[in-house]
1. What Rg and what Dmax come out for region 48-92 when only alpha-carbon atoms are used, in angstroms?
2. What accessible area per residue, rounded to a whole number of Å², is obtained for the chain using a probe radius of 1.4 Å?
3. Expressed as a whole percent, how much of the Cα-Cα distance distribution for region 1-69 exceeds 16 Å?
4. Using a cut-off of 13 Å between beta-carbons, work out the net charge of the residues near TYR20 (Lys and Arg +1, Asp and Glu -1, TYR20 not included).
5. How big is the charge dipole of the chain about its Cα centre, in debye rounded to the nearest 20, if each Lys and Arg gets +1 on its Cβ and each Asp and Glu gets -1 on its Cβ?
6. Could you check which residue among GLY43, GLY74, GLY11 shows the biggest mean-square fluctuation in a GNM of the chain with a 10 Å Cα cutoff?
7. For the chain, what is the calculated [θ] at 222 nm in deg cm²/dmol (nearest 500), taking -39500 (n - 2.57) for each run of four or more DSSP H residues and dividing by its residue count?
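The values are calculated or read from the model by the stated rules, or taken from the named source; none is laboratory data. Keep in mind the model is a prediction, meaning the values are calculated, not measured. When we count neighbours, we look across all protein chains shown, and the Cβ atoms used for this are built from the backbone with ideal geometry, even at glycine. With ligands, DNA and RNA removed, areas are computed over all heavy atoms of the protein, side chains included. Shrake-Rupley method; radii C 1.70, N 1.55, O 1.52, S 1.80 Å.
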Amino acid sequence: MSLANAHKIVGIRELTDTVYVLRVEREDLCFEAGQHVTLGLHGSGINREYSIYSSEDAPFLEFLLKVRPASVTGRSIREASPGDTVDIAGPY
């Protein structure tokens, strides 16, 4: 099992009122298509599973997130700014 590592947010791209793409620095994270990670705002202690949206060879990591009414993680990350960090564990 992997320990969580902090990754800096590069950008957040709004697709709709409830869907956005989170782009973070890749660091040294390697993954294969179909794998997922746990992700949460750094220090929040609340992480959720998300599939990796970017390709295996992209220089960054992207995640497609949907904000649901009860989604603390989705809402808190959407309100973050470039330069803030998220904790990522995995891939699994």
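1. Cα radius of gyration and Dmax of region 48-92 are 11.5, 34 Å respectively.
2. Details: 5390 Å² over 92 residues.
With the other protein chains kept in place, the chain gives 59 Å² per residue.
3. Working: 1134 of 2346 pairs.
Percent of Cα pairs beyond 16 Å in region 1-69: 48.
4. Numbers: positive: ARG13, ARG23, LYS66, ARG68, ARG75, ARG78; negative: GLU14, ASP17, GLU62, GLU79.
Result for the local shell: +2.
5. On the way: 9 positive and 13 negative charges, 77 e Å.
I would put it at about 380 debye.
6. GLY43
7. Values: 1 runs with 7 residues, N = 92.
That calculation yields -2000 deg cm²/dmol at 222 nm.
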